[in-house]
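Input: a single structure, listed below in structure tokens.
The values are calculated or read from the model by the stated rules, or taken from the named source; none is laboratory data. Everything numeric here is computed off the predicted structure, so don't read it as measured data. Cβ placement follows ideal geometry from the backbone for every residue including glycine, while neighbour counts extend to all protein chains displayed. Protein only, heavy atoms only, side chains kept; ligands, DNA and RNA dropped before computing areas. Shrake-Rupley method; radii C 1.70, N 1.55, O 1.52, S 1.80 Å.
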Amino acid sequence: MQTKDCLTIYGEQIKSRLLIGSALYPSPDIMTQSIVASGAEIVTVSLRRQQSAAAGDDFWQLIKNTGLKILPNTAGCHSVKEAITLAKMCREVFSTDWIKLELIGDDYNLQPDPFALLEATKILINDGFKVLPYCTDDLVLCQRLNELGCEVLMPWGAPIGTGKGLLNSYNLKTIRERLPDTTLIVDAGLGLPSHACQALEMGYDAVLLNSAIAGAGCPITMSRAFKAAVEAGRFAYKAKAMPEKDVAAPSTPTMGMPFWHQQ
């Protein structure tokens, strides 16, 4: 019997290979409909960037009503201490040991701080967290995070919110080839469904999106588009693409063709 083709995150089987964010939507209703339309089973939330007033409480209820698994993140943190404190708060609030670890090193392009990321990852893993680090597409950094115990890595495709797609396919391919047994999720920088499809075709296990959907003219329709793109990319990867050639080759053989079609 064929085993189901599922995404694996710290031993948990997830059917959808699209993870979705919960920020920047035009309205709470559009957010909810977009999340549902995406088919995602995991939604990311930022404790720091949500209000604690009534509006914030309503937001948490909406997220809870989706029935999806919550992946809290440490968005907006700039120091190790700050990130660890927020991670512990998230564990208490959301009752999960999963944490998407974000540590910003540069405020201009929001690039993750690789040094602080390694330090915080080590501390959190020793404290029992299952860390999903958001990082750049640096092979050595990814190797070090993997060695610390990260079973999932989340390298960016491009700076967050830019929509530029996979700016360095070579780096991403190298990470995939060198860490074949690690769950890899492209996180940040995607803008089009074709970008997501490309990541899955490359062998990445999933993509995480927010701005590309929330900032679209019609987020709900864009959610459907990304859902289809992720599925297409995974099918293509599993099917194995034909080898590229430098010269043209006829797709129709000449044998058996009428003589007037032959040269």
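What number goes with the only condition from (1) charged (D, E, K, R); (2) surrounded by fewer than 22 Cβ atoms within 10 Å (Cβ to Cβ); (3) under 13 Å from the mean Cα position of the chain (by Cα) that residue 187 does not pass?
So the condition that residue 187 fails would be (2).
Look through segment 100-121, keep the residues that are over 17 Å from the mean Cα position of the chain (by Cα) and aliphatic (A, V, I, L, M), and return whichever of them is most open to solvent (accessible area, probe 1.4 Å). Let's see the steps before the verdict.
Quick first cut of segment 100-121, residues over 17 Å from the mean Cα position of the chain (by Cα) only: 104-109, 113-121.
If we keep only those that are aliphatic (A, V, I, L, M) as well, we get 104, 116-118, 120.
Numbers: 104: 17, 116: 13, 117: 0, 118: 48, 120: 0 Å².
Among those that are over 17 Å from the mean Cα position of the chain (by Cα) and aliphatic (A, V, I, L, M), it is 118.
For (1) of a type in the set (Ser, Thr, Tyr); (2) crowded, with 22+ Cβ neighbours inside 10 Å; (3) on the phi > 0 side of the Ramachandran plot; (4) without any contact (Cβ under 8 Å) to a residue 40 or more places away in the chain, each residue gets a yes or a no:
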{"position": "140", "(1), (2), (3), (4)": "no, no, no, yes"}
{"position": "153", "(1), (2), (3), (4)": "no, yes, no, yes"}
{"position": "161", "(1), (2), (3), (4)": "no, no, yes, no"}
{"position": "166", "(1), (2), (3), (4)": "no, yes, no, yes"}
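Collect the residues in segment 21-42 that are in a strand (DSSP E or B) and modelled with pLDDT under 95, keeping them in residue-number order.
If the condition is that a residue be in a strand (DSSP E or B) and modelled with pLDDT under 95, then 21 is the only one that fits.
Residues to consider are 125, 213; find the one that is within 24 Å of residue 96 (Cβ to Cβ), touching a residue at least 12 places away in the same chain (Cβ under 8 Å), touching a helix residue (DSSP H, G or I) at 6+ places or on another chain (Cβ under 8 Å) and open to solvent by 30 Å² or more (accessible area, probe 1.4 Å). Steps first, answer last, please.
Details: 213 fails: open to solvent by 30 Å² or more (accessible area, probe 1.4 Å).
On inspection, the qualifying residue turns out to be 125.
Quick test for you: out of 185, 160, pick the one residue that is within 24 Å of residue 11 (Cα to Cα), of a type in the set (Val, Ile, Thr) and outside any helix (DSSP H, G or I).
Details: 160 fails: within 24 Å of residue 11 (Cα to Cα).
Unique residue meeting the criteria: 185.
Here are 174, 182: which of them is over 13 Å from the mean Cα position of the chain (by Cα), open to solvent by less than 20 Å² (accessible area, probe 1.4 Å), modelled with pLDDT of 95 or more and among the polar types (S, T, N, Q)? Show your work before the answer.
Values: 174 fails: open to solvent by less than 20 Å² (accessible area, probe 1.4 Å).
Of 174, 182, the one residue that is over 13 Å from the mean Cα position of the chain (by Cα), open to solvent by less than 20 Å² (accessible area, probe 1.4 Å), modelled with pLDDT of 95 or more and among the polar types (S, T, N, Q) is 182.
Answer yes if at least one residue in segment 163-172 is over 16 Å from residue 112 (Cβ atoms), among the aromatic types (Phe, Trp, Tyr) and part of a helix (DSSP H, G or I), and no otherwise.
So the first thing to find is which residues in segment 163-172 are over 16 Å from residue 112 (Cβ atoms), and the list is 163-166, 169-170.
Checking which are among the aromatic types (Phe, Trp, Tyr) leaves us with 170.
Narrowing further to those that are part of a helix (DSSP H, G or I): 170.
Scanning segment 163-172, I find at least one residue that is over 16 Å from residue 112 (Cβ atoms), among the aromatic types (Phe, Trp, Tyr) and part of a helix (DSSP H, G or I), so the answer is yes.
Can you go through 194, 95 and tell me which one is small (Gly, Ala, Ser), open to solvent by 30 Å² or more (accessible area, probe 1.4 Å) and within 17 Å of the chain's Cα centre (by Cα)? Step through it out loud before you land on a result.
Numbers: 95 fails: within 17 Å of the chain's Cα centre (by Cα).
Matching residue, one of 194, 95: 194.
What about residue 241, is it modelled with pLDDT under 95 and open to solvent by 70 Å² or more (accessible area, probe 1.4 Å)?
Details: modelled with pLDDT under 95: yes; open to solvent by 70 Å² or more (accessible area, probe 1.4 Å): yes.
Taking the combined requirement at face value, the residue satisfies it.
Does residue 104 fit the bill of being of a type in the set (Val, Ile, Thr) and over 24 Å from residue 215 (Cβ atoms)?
Values: of a type in the set (Val, Ile, Thr): yes; over 24 Å from residue 215 (Cβ atoms): no.
Against the criterion (of a type in the set (Val, Ile, Thr) and over 24 Å from residue 215 (Cβ atoms)), residue 104 does not qualify.
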